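Chemist: The structure's right below; bear with me while I get my questions together.
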Amino acid sequence: MTISEQAVERRQDYDGASPFPGAEEHVPAGRLQAGLTAAIVVLPFVALGVAIFLAWGQGVTLTDLLLAVVLYGVTGLGVTVGFHRLLTHASFTARPWLRVALAVAGSMGFQGNVIDWVAVHRRHHAFTDRPGDPHSPYRYGAGLRGQLRGLAHAHLGWLFAGDQTPAERYAPDLLADPAMVKVARAFPALCALSLALPFLAGWAITGTLYGGLTACLWAGLIRVALLQHVTWSVNSLCHVIGDRPFKTRRHDRSSNVWPLALLSFGESWHNGHHSEPSCARHGLDRGQLDPSAALIGLFERLGWASSVHWPDQERIERRRAGPRKQACAPAGD
């Protein structure tokens, strides 16, 4: 039995404050996995240094910024709407071509192939902030020192651990979907495409190789770095700071962190999400910006999405004040 499996076996004894069983017994990732992960994490920061050097004294071009914003939106919404709300939690049903398009867009965000991403996130929900959670900031305990160490683990450290999440257990539906298997296998090529598109667009718009290179830096690597760290901040910060207006399962410390709402496309309303994971909208209160939910609503109006699980206000209020109740219902319920 692996360390992770032993931890899961003992999860019923977890008191919510102690370090997870086996937390100190680190199993590093294999050399190939660690090398690829390090490249994906480090190269965008190297690109940031290069971009700052190139931009010094002359600023960033409007072309680079516009391309960065567009690609950040496409790939970010691919992760939040496609990987997360559609494929992980089945918050709505999408037409087959839209399902594939969202999976492709999310894959271009450099966060792993679609099947592994979904498996890890489903496991996170199965054991939120308890032994078995692959990236809980409470892995090393609830004390200040443990939380600081746990934040580093939840944000980035877990990517370098050899704690594999079996897709056969957590994402068998995607393994049985030929289209998703093809998208998952194409992950390296889609990452290359994610960098090639801004390079080619920058070259075509400016007519210079230099324009293509700066576009690749800002709309390619730096855009990837920003999206990665915003996503990882939901794993780390959104379990340590912020508001918790809705009840969640025991030991689940998911929270709402409003400053990240726009950059995360609504994902940082994390307490709302964990209170009812199948809801298409994570910002359950009035005024909570949720661009991902807005896009799902547009898909529904266009007839591209159906069976959308929208929040019901009466159920939300019961969920806030009373015992656990379902705060979200399929359309037409």
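Chemist: Please list 117-124, 263-270 highest first by mean number of surrounding beta-carbon atoms within 10 Å per residue.
Modeler: Details: 117-124: 23.8, 263-270: 26.0.
Ranked by mean Cβ neighbours within 10 Å, highest first: 263-270, 117-124.
Chemist: Students often get this wrong: which residues of region 95-130 have the backbone nitrogen under 17 Å from the point 7 angstrom along Cα-to-C-beta of residue 189?
Modeler: 100-110, 113-115
Chemist: How much length, in nm to one decimal, is gained on full extension between residue 95 and residue 298, taken as 0.36 nm per residue of separation minus their Cα-Cα distance?
Modeler: On the way: separation 203, 0.36 × 203 = 73.08 nm, distance 1.35 nm.
71.7 nm is the gain from fully extending residue 95 to residue 298.
Chemist: Quick query: amide H of residue 20 versus all other amide H atoms, modeled in the peptide plane; which residues come in under 5 Å with a sequence gap of 5 or more or a different chain?
Modeler: Here 140, 141 satisfy the definition.
Chemist: Let me ask something else. Based on the Cβ-Cβ distance from residue 229 to residue 148, what FRET efficiency comes out when R0 is 22 Å, to the nearest 0.05? Before the final figure, lay out each step's value.
Modeler: Details: r = 17 Å, r/R0 = 0.79.
So, using R0 = 22 Å, E works out to roughly 0.80.
Chemist: Looking at region 93-145, I'd like the Rg to Rh ratio, where Rg is from alpha-carbon atoms and Rh is Kirkwood's inverse mean 1/r.
Modeler: Details: Rg = 15.2 Å, Rh = 13.1 Å.
Computed over Cα atoms, the ratio is 1.16.
Chemist: Now for a separate question. Could you work out the pair-distance distribution P(r) of region 29-247 from its alpha-carbon pairs, with 5 angstrom bin width and percents rounded to whole numbers?
Modeler: Pairs per bin, as whole percents: 1, 7, 13, 17, 18, 16, 13, 9, 5, 2, 0, 0.
Chemist: Work out how much length residue 13 to residue 160 would gain on full extension: take 0.36 nm times their residue separation and subtract the Cα-Cα distance, in nm to one decimal. Don't jump to the answer; show the numbers that get you there.
Modeler: Working: separation 147, 0.36 × 147 = 52.92 nm, distance 2.71 nm.
Working it through step by step, the gained length comes to 50.2 nm.
Chemist: Turning to a different aspect of this structure: Separation between the residue 208 and residue 175 pseudo-spin-labels, each 7 Å from Cα along Cα→Cβ, expressed in nm?
Modeler: 5.2
Chemist: Continuing with this model, one more query. Order these peptides, 197-206, 311-320, 212-221, 233-242, by their mean beta-carbon neighbour count within 10 angstrom, highest first. Don't skip to the end; give the middle numbers.
Modeler: On the way: 197-206: 18.7, 311-320: 16.4, 212-221: 24.5, 233-242: 20.9.
The most tightly packed comes first, giving 212-221, 233-242, 197-206, 311-320.
Chemist: Considering the Cα trace of region 137-262, what is its radius of gyration and what is Dmax, both in angstroms?
Modeler: Here Rg and the maximum Cα pair distance are 19.4, 58 Å.
Chemist: How much length is gained on full extension from residue 168 to residue 60, taking 0.36 nm per residue of separation minus their Cα-Cα distance?
Modeler: Contour length minus the Cα-Cα distance gives 34.3 nm.
Chemist: Placing unit charges on C-beta atoms (Lys and Arg positive, Asp and Glu negative, everything else neutral), compute the dipole magnitude of region 159-285 about its Cα centre in debye, rounded to 20. Numbers along the way, then the final one.
Modeler: Values: 10 positive and 9 negative charges, 17 e Å.
In total the dipole reaches around 80 debye.
Chemist: Give the Rg (one decimal place) followed by the Dmax (whole number) of region 63-156, computed from C-alpha coordinates and expressed in Å.
Modeler: Just the Cα atoms of region 63-156 yield Rg and Dmax of 16.0, 48 Å.
Chemist: Could I ask something else about it? Order of 247, 182 from fewest to most other C-beta atoms within 10 Å?
Modeler: Working: 247 18, 182 12.
The fewest-first ordering by Cβ neighbours comes to 182, 247.
Values in this text are rule-based calculations from the coordinates and carry no lab data. Please read all numbers here as calculations on a predicted model, not as lab measurements. When we count neighbours, we look across all protein chains shown, and the Cβ atoms used for this are built from the backbone with ideal geometry, even at glycine.
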